[in-house]
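A quick write-up on the structure given underneath.
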Amino acid sequence: MSTDVPAILVVEDEPAIAELIEYALAEAGWQVQVCNSAAQGWSSLQQSMPNLVLLDWMLPDQSGLQFLKRMRTDIHFRPLPVIMLTAR
């Protein structure tokens, strides 16, 4: 993700929700990377550091809370802001 434009990583498995979020954020000037699983989200984090993570609570391969816990135990990702998304 480019450092010139603020970047958001969206980890959301529901295609319609991910598309809506991506569209709204891109229109607001953010660079958006969408991943549909925790594994893809983690891989994306390894490649580039976003400014913010929007993280779904319920993912197909791991809960969002487990993903967040993994982030918080890694010194590189500990300070990264995270907003949890849930339909519940």
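The values are calculated or read from the model by the stated rules, or taken from the named source; none is laboratory data. What you see is a predicted model, and the numbers here were worked out from it, not measured in a lab. A quick note on method: Cβ atoms are made from the backbone with ideal geometry, for glycine too, and the neighbour counts reach across all protein chains shown.
For region 4-46, the set of residues classified as closer than 21 Å to M58 by Cβ and among the aromatic types (F, W, Y) consists of W42 only. The condition (being modelled with pLDDT of 95 or more, in contact with a Gly (Cβ under 9 Å, 6 or more places away or on another chain) and of a type outside the set (K, R)) is satisfied by just one residue among V5, V34, V53: V53.
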